[in-house]
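Colleague: Below are the structure tokens for one structure; questions will follow.
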Amino acid sequence: MTALCEIRQLAVTYRGETMSALKDIDLDILGGERLAIIGESGSGKSTFARALAGLLPDGAAVAGSLRWSAGQPRAGRDIGFVFQDPSASLNPVLTIGEQVAEGARRHLGLSRRQGEARALEMLERVHIPDPAKALHAFPHQLSGGQRQRVAIAAALAARPGLLIADEPTSALDMVVQVEIVALLDELVREGGMTLVFVTHDIALASGFADRVAIFRDGMLVETGATGKVLAKPQAAYTAALIASHRDLATPPLIHEAGR
Amino acid sequence: MTLLDVKNLDKRYASGGRTVTALDGVSLTLSAGETLGLAGASGSGKSTLARLLTRLVPADAGTVRFGGEDWLALSGGELRRRRARMQMVFQDVLGAFNPRATVGSVIEDPLRIHDIVPKAGRGREVAALLDRVGLPAAYAARSIRDVSGGQRQRIAIARAIATRPAMIVLDEAVSALDVSLREKVLELLVALQEESGIAYLFVSHDLAVLAAVSHRIAVMDAGRIVESGPAAEVIGNPQSPAARALVGAVPRLIGQEDRNAV
């Protein structure tokens, strides 16, 4: 795989802050890969996602370079972005159809009617039940999981080659999380897209990412093939993250089995 | 000893011209010193139940006996006094506090309101409570805004145990925390239970969290409890589709030759 984007010595400092949110990041995003950016609060993982997408707020100081093999990408056209909270990324007063069509109309030059057809096609692809009806629904009429499906449809409507998902399941319950991850995985495979998936959950990432990059305190701690990093973490921090994972096979903290 | 006895709770909401049934004949019991994990997806009714038990929303039908009393019949000053016995810790509950509040004032409030310790002793009690949740006494002077999420949740726990409750309702109390902090807060809750015999009703969509701390687990779906039993049984052999979905949804570390191998 060739590098879609070569990131060198990337550093970001938000306005009014003395500490860098991100520093000395060297990382290649490979075309067609599924890369998980993993970190806890304050690790800089979301800043990284925003820097990559060109979505940093005004006044953020950026140093270093992002070299794109296919030229400077346009947000919305070449890069789709899915946020943590679908309620915040969807406009409450626009219909689902209008917002899914918006990116496609703007970037692909579609007519109103073509835009609606594209929105319908996208709602089908993200498995919204009764997509023709959903076109005319408003965000508040859908569940959180369905809203995130709509946000994904909107992010992909203009056929971007890169999808960046910033904690797309953290505001959802775990049953819905499984469905959304499966959906992203399916769409990325089908479309031959590159996926950058930001998460705090190393176990979630281990289920589908080709590569993982572990962030801590604004620095890139470790990167490598998912299986390799999980089996043989090089950094003590990665090992600690793995050790603190809790699932149903982890011994309980209570001492008695029941009463 | 049964501390909490809930029978046939119903709760409906009007939403957009429709009636939504949030709770439909919910019954459960909780013993002193026990943790009941209440699992369910979004919209299953588990948070409604938490809010109803803490008397934040009224029930439409059903009974709740808590400590032998008719809990839903209490009102006014009587309810305020009894609230000391059933506390709550919700997800980042202190995030909604006045940002000018200090850690000390947040913990001292319930001591004053419920007259737990005389005024002269409150500073010492605040220090003791901070110590019990693993924070230095000097934190009392800090602004609630200047502490991390994990510390804030410890402070919420300190505030909850200040009134020496028999029971705490925890609703997604660790969901917003990073994994390393989450483990420490769970350990703290278990230690406090072992010391003081507090009962917990622990509400979460994360079965891995409930598995860590629960003696029994009840699974909710569409306003009903569809399955309940000893934690190990519900997790090891889930019967209902809702319980199976929750078990299947817990991410496992893949690619590690591991302690979690099946």
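Colleague: Examine segment A:36-49 for a residue that is surrounded by fewer than 18 Cβ atoms within 10 Å (Cβ to Cβ), farther than 20 Å from residue A:156 by Cα and at pLDDT 95 or above, and state whether such a residue exists.
Modeller: There is no residue in segment A:36-49 that is surrounded by fewer than 18 Cβ atoms within 10 Å (Cβ to Cβ), farther than 20 Å from residue A:156 by Cα and at pLDDT 95 or above.
Colleague: Something else: Which ones in segment B:62-73 are farther than 18 Å from residue B:10 by Cβ, touching a residue at least 12 places away in the same chain (Cβ under 8 Å) and not in a strand (DSSP E or B)?
Modeller: Once the filter is applied, which keeps residues that are farther than 18 Å from residue B:10 by Cβ, touching a residue at least 12 places away in the same chain (Cβ under 8 Å) and not in a strand (DSSP E or B), segment B:62-73 yields only B:67.
Colleague: Hey, which of the helices (runs of 4 or more DSSP H) in segment B:147-262, taking only ones fully inside, have at least 2 residues that are under 30 Å from residue B:106 (Cβ atoms) and at the interface with chain A (Cβ under 10 Å from one of its Cβ atoms)? Talk me through it step by step, then tell me what you get.
Modeller: Details: elements: B:149-161, B:179-196, B:207-213, B:231-236, B:241-248.
Qualifying helices (runs of 4 or more DSSP H): B:149-161, B:179-196, B:207-213.
Colleague: Of all residues in segment A:26-80, how many are farther than 26 Å from residue A:101 by Cα, assigned to a helix (DSSP H, G or I) and not charged (D, E, K, R)?
Modeller: 3
Colleague: Among the residues of segment A:182-202, is there at least one that is within 14 Å of another protein chain (Cβ to nearest Cβ), under 21 Å from residue A:80 (Cα atoms) and without any contact (Cβ under 8 Å) to a residue 24 or more places away in the chain?
Modeller: Yes, some residue in segment A:182-202 is within 14 Å of another protein chain (Cβ to nearest Cβ), under 21 Å from residue A:80 (Cα atoms) and without any contact (Cβ under 8 Å) to a residue 24 or more places away in the chain.
Colleague: To continue, here is another question. Against the definition (at the interface with chain B (Cβ under 9 Å from one of its Cβ atoms) and touching a helix residue (DSSP H, G or I) at 6+ places or on another chain (Cβ under 7 Å)), how does residue A:214 come out, yes or no?
Modeller: Taking the combined requirement at face value, the residue does not satisfy it.
Colleague: Related question: Among (1) closer than 22 Å to residue B:242 by Cβ; (2) touching a residue at least 24 places away in the same chain (Cβ under 8 Å), there is one condition residue B:20 misses while meeting the rest; what is its number?
Modeller: Result: residue B:20 fails condition (2) only.
Colleague: Got a number for residues in segment B:1-58 being within 29 Å of residue B:194 (Cβ to Cβ) and assigned to a helix (DSSP H, G or I)?
Modeller: Total meeting the criteria: 7.
Colleague: Additional query: Would you mind telling me which numbered condition in (1) modelled with pLDDT of 95 or more; (2) surrounded by 19 or more Cβ atoms within 10 Å (Cβ to Cβ); (3) under 18 Å from residue A:160 (Cβ atoms) residue A:12 fails?
Modeller: The number of the failed condition is (3).
Colleague: Now for a different question. Pull out all pairs, ordered by first then second residue, where Cβ-Cβ is under 6 Å, the residues are six or more apart or on different chains, the first lies in segment B:221-238 and is surrounded by fewer than 17 Cβ atoms within 10 Å (Cβ to Cβ), and the second is basic (Lys, Arg) and at pLDDT 95 or above.
Modeller: Once the first residue is surrounded by fewer than 17 Cβ atoms within 10 Å (Cβ to Cβ) and sits in segment B:221-238, its partners that are basic (Lys, Arg) and at pLDDT 95 or above give B:230/B:216.
The values are calculated or read from the model by the stated rules, or taken from the named source; none is laboratory data. Being a predicted model, the structure only gives us computed values, none of them experimental. Heads up, the Cβs are rebuilt from the backbone with ideal geometry, glycines too, and the neighbour counts pull from every protein chain shown.
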